[in-house]
Amino acid sequence: MKADPTSAHEAVAGRRDVAQAVAAPLTRAAIFLVTTIKPGTENRTTIRSFCGDLAALVRAVDFRDIEAGLSCVVGFGSEAWDRLFGAPRPANLHTFREIRAGERHAVSTAGDLLFHIRAKRMDLCFEMATQIMARIDDAVSQVDEVQGFRYFDDRDLIGFVDGTENPRGDAIAEAVFIGEEDAAFAGGSYVIVQKYLHDVAGWNALSTEAQERIIGRTKLSDIELDDSVKPTSAHNALTTIVEDGKEIKILRDNMPFGRAGAGEFGTYFIGYSRSPRTIEQMLENMFIGRPPGNYDRLLDFSRAVTGSLFFVPTATFLENVTDEPVAIAAPSADSSVVDPASSIPRKSDGSLGIGSLKGDFSHE
C-alpha cells in the first residue's frame, strides 16, 4: 500500500489525503488476492487493526529491494464496507452486477477484500502476500489468488499488446480519483476485477486478419484499425465510452496468468476509475452489445469466471482506522443483474481495452 506521491488529493475540507498506490508504475509481476471476512466481531476487529498497519508492512518488505517498486493496494467490497466501517459509505459502492446475454455471462463472485500487490520481482510480491495472510489468515477465507506476469513486449496470451489506451500524466488522476462529487471520499477510487480464461487453440485457429478485426488493432504494430475497415463490434470500439463529446478513461493494470500443464491461459483484468459506471458500461457493451446483439466477438474465445467491485479508500483513511467496532450499516439496495433490455447504447469513439483484450498494460 505504498502511498503514491503523484496522487495526493487536496480534500474539500482542507485536509490533505494521500491516495493509495493506484497509479504505481508498471511492474513485471503482480499478485491479485481476494478474500472474504469470516463472521464475528473479533474478525472485523482484526481487519480494522490491520488497516492501520498495512503501510508499515509494505515498507518492511519493500526495504529488501527498494528499487523493485513494491506496492499494495487494498480495496473493500460493498458488504465488507458496511460491516467494517458503517456510515458514511462511498456513494457508488455496490456489489458487482452480473450480466447475462445469451451464452455470455459476466459473473458476480464473492469478495470482501482485494489486495493488488505489484513489484518488479515475484518473490517480493509473494513475500508481501505471505505477510498479509500471516496477519489476517484466521479472520478471512480465501476466494482467489492469481500470480500475474508480463508476457514478452506487454502482450496478453492471445498475442496483442495490452494497455495502449491507458491515460497518461495528469489525466490519470482525473480518470481514477474521486473529487468533489463525493467529497467525503475524495482521493479514493473504484476498482473492478475479472478473471478471464481463453480458448487459445480456438483463437489461434483464426487468421491474423480475423483476430485484428475482433480486437480493432493490428497484431504486430498495435496500430488501431481505420474506422472504414474496423467492425462496430470490435473490442476497442465497444469499450470506448464517450460522454458529452469527451472520452472517459479508466486505468488498467491487466496481467497474463496461466498453467501450461493444465491448459489454463488467461488474463486478470483490473480497472480503476473514479466511478464504477464507466467500466460497467464497457462490460454491458461487450456482453450485451451496442446496439444489443452487436457484442464483442472476443467473448466467443474468452470467458469471465470471476467478477467483483471494490472501493479503494485513501492511505490516509486506512491509517486513521481504529480497532473500535462500528455499528453494522443496513445493506444497500442495488440491482445485481443487468438486463440486456435495460442497456442504453452509447456512441463509440476511439479505443479502450478490457479483460484479455487488446491493450491494457502500459499506463499510457
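The values are calculated or read from the model by the stated rules, or taken from the named source; none is laboratory data. Predicted model only: the values in this text are computed from it and were never measured. Please note: Cβ atoms are built from the backbone with ideal geometry, for glycine as well, and neighbour counts cover all protein chains shown. Side chains included, ligands, DNA and RNA excluded: accessible areas come from the protein's heavy atoms. Shrake-Rupley method; radii C 1.70, N 1.55, O 1.52, S 1.80 Å.
Once the Cβ-Cβ distance of Thr41 and Ala134 is raised to the sixth power relative to R0 = 25 Å, the FRET efficiency obtained is 0.70.
Between Glu103 and Ser141, the simple spin-label model (points 7 angstrom out along Cα→Cβ) gives 3.2 nm. On the principal axes of its alpha-carbon atoms, segment 173-330 has extents of 59, 46, 31 Å, going from largest to smallest.
So for Met133, Met128, what's the accessible-area order with a 1.4 Å probe, most first?
In descending accessible area the options line up as Met133, Met128.
Using a probe of 1.4 Å on the protein chains alone, the accessible area found for Asp138 is around 130 Å².
Distances between every pair of Cα atoms in segment 44-107, grouped in 5 Å steps from 0 to the bin holding the largest one, split as 3, 12, 17, 14, 13, 13, 12, 9, 4, 2, 0 percent. Reported to the nearest whole Å, the Cα centre-to-centre distance from segment 180-199 to segment 60-135 is 10.
Annotation: amide H-H contacts under 5 Å for Arg217 (H modelled 1.01 Å from N, sequence separation of 5 or more, or interchain): Leu225.
Per-residue surface analysis assigns Lys246 an accessible area of about 100 Å², computed on protein heavy atoms at 1.4 Å probe radius.
What fraction, in whole percent, of alpha-carbon pairs in segment 142-225 exceed 17 Å separation? Roughly 66 percent, rounded to a whole number.
When only alpha carbons are used to place a centre, segment 264-297 and segment 146-171 end up 16 Å from one another.
When you have a sec, figure out the Kirkwood radius of segment 213-266 from all distinct Cα pair distances and drop it here in Å to one decimal?
On the way: mean 1/r = 0.0732 Å⁻¹.
So the Kirkwood estimate lands at 13.7 Å.
Just check segment 241-298 against the gyration tensor rule for me: Cα atoms, a ≥ b ≥ c as the square roots of the eigenvalues, rounded for a/c under 1.5, and otherwise prolate or oblate depending on whether a/b exceeds b/c.
Values: a/c = 3.57, a/b = 1.60, b/c = 2.23.
Oblate.
Rg over Rh of segment 170-211, using C-alpha atoms and the Kirkwood radius, what does it come to? On the Cα set of segment 170-211, Rg over Rh gives 1.36.
Dipole of segment 1-160 computed with +1 at Lys/Arg Cβ and -1 at Asp/Glu Cβ about the Cα centre; of Ile66, Ala21, Cys125, farthest Cα towards the positive end is Ala21.
Across segment 153-277, C-alpha contacts under 8 Å between residues 6 or more apart give a mean separation that, scaled by the residue count, equals a relative contact order of 36 percent. If you wrap segment 12-171 in the convex hull of its Cα atoms and look at it from every side, the mean projected area works out to 12.5 nm².
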